[in-house]
Amino acid sequence: MLTVDDVYKSYGDVEAVRGVSLSLAPGEILGLLGPNGAGKSTLLGMISGLLAPDRGTIELPGAGDPRDPQARRSLGLAPQSLSLYEELTAEENLRFLGTLYGFSGRQLAGRVEYCLELAGLEARKRDRVTTFSGGMKRRLNLACALIHDPPLLLLDEPTVGVDPQTRAHLFDQIERLRDNGKGVIYATHYMEEASRLCRRVAIVDHGRLLALDRVQDLIERYGGQSSVRIVLKQQPPPSLSLPGTWQDGIVSWETDTPLDDLVRLAGGGLEWEEVAIRGPDLETVFLKLTGRSLRDDTEQPAAHGAGG
Ligand SMILES: Nc1ncnc2c1ncn2[C@@H]1O[C@H](COP(=O)(O)OP(=O)(O)OP(=O)(O)O)[C@@H](O)[C@H]1O
Ligand SMILES: [Mg+2]
């Protein structure tokens, strides 16, 4: 339902997106995972038709180039920077957008009702957006992207600043949309969100697509070994060879076979208070691909959002 072929975009000297290609199938949530400044919003800006690529093509099958106003009907963008009319009520925001897409009468009322229900905002529909919490605004921002029932959804960090309950609510709704056959691109810098929601994940950094595959395949290919850490109860038997470094009663090591290692150590008489095994995940994949942690700079608020 979407083909992105070798797109580039620079802002002056900043090469925000450098040769990204990807495709999306209906009923798929594709994760776009990368740290601040990776180029996620710029890429979504191009896919949504708000930004023109410097090079490369984007095509929505059946609808053509996303910059064609007709094609815009087939996609909905929930931008990173909220795009809501603060002085209007939730219902008025949705009605207004619905009218722009040509809905009226019963059909418009039906779409507005559906979107309010999806956002869990029926009870607050007559309240102005200024009175909403950050999480409620995020939910309305998502609802606004859905008003015209587009087959393709572009969600740019849809859970920024929301509490765990709202996050869970948003996840349920996004999964429901996927189950109804929507194609979703989900931009995030939270690897937990990408692993939980997405079948395939595109890892981006400094504008480049470093890898795109199923989560499990990425972890198998780039995730490396498990790390194990045990807190000992007493001195290890002198005859036992330890797999890792031993310091202050703690032994830690990396291995492909954490359970086999532990069985061998227990058999050799080693006793421990505590054991922690951490398997490879998207964080270790990112570390392997870039040499940096995904979390290095994720705590700074985004300074801007492309087209938002
Ligand atoms: N309108 C703009 N003018 C100039 N530079 C920009 C503009 N928008 C983005 N950039 C730059 O392009 C690069 C990619 O930014 P982009 O917003 O696409 O990244 P992102 O992955 O969405 O980051 P974040 O996680 O912070 O939202 C960054 O270096 C950013 O500073
Ligand atoms: Mg962004």
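The values are calculated or read from the model by the stated rules, or taken from the named source; none is laboratory data. Everything numeric here is computed off the predicted structure, so don't read it as measured data. As a convention, Cβ positions derive from the backbone with ideal geometry for all residues, glycine included, and neighbour counts pool all protein chains shown.
Are there any pairs, at least 6 apart or on different chains, whose C-beta atoms fall under 8 Å, with the first in segment 74-95 and within 22 Å of A63 (Cβ to Cβ) and the second acidic (D, E), and if so, which? Between residues of segment 74-95 that are within 22 Å of A63 (Cβ to Cβ) and residues that are acidic (D, E), the close pairs are L77/D156; A78/D156; P79/D156. In segment 8-29, the qualifying residues are those that are buried (at least 22 other Cβ atoms within 10 Å of the Cβ) and within 16 Å of ligand 2 (Cβ to nearest atom), and the one that is farthest from the chain's Cα centre (by Cα) is K9. Could you list all residues from segment 155-166 that are more than 12 Å from ligand 1 (Cβ to nearest atom), buried (at least 16 other Cβ atoms within 10 Å of the Cβ) and over 10 Å from the mean Cα position of the chain (by Cα)? The answer is V162, T166. Has segment 31-46 got at least one residue that is outside any strand (DSSP E or B), at pLDDT 95 or above and more than 9 Å from ligand 1 (Cβ to nearest atom)? There is at least one residue in segment 31-46 that is outside any strand (DSSP E or B), at pLDDT 95 or above and more than 9 Å from ligand 1 (Cβ to nearest atom).
Scanning segment 42-83 for residues that are buried (at least 19 other Cβ atoms within 10 Å of the Cβ) and in contact with a Cys (Cβ under 9 Å, 6 or more places away or on another chain) returns G76, A78.
On the given criteria, is L77 within 14 Å of ligand 1 (Cβ to nearest atom) and not basic (K, R)? In short, yes. For segment 85-99, the count of residues that are at pLDDT below 95 and surrounded by fewer than 24 Cβ atoms within 10 Å (Cβ to Cβ) is zero. Could you look through segment 264-280, keep only residues that are surrounded by fewer than 18 Cβ atoms within 10 Å (Cβ to Cβ) and assigned to a loop (DSSP other than H, G, I, E, B), and pick out the one that is farthest from ligand 2 (Cβ to nearest atom)? Out of the qualifying residues, it is G269.
In summary, K182 fulfils each of the numbered conditions (1) surrounded by fewer than 19 Cβ atoms within 10 Å (Cβ to Cβ); (2) under 21 Å from L140 (Cα atoms) with the single exception of condition (1).
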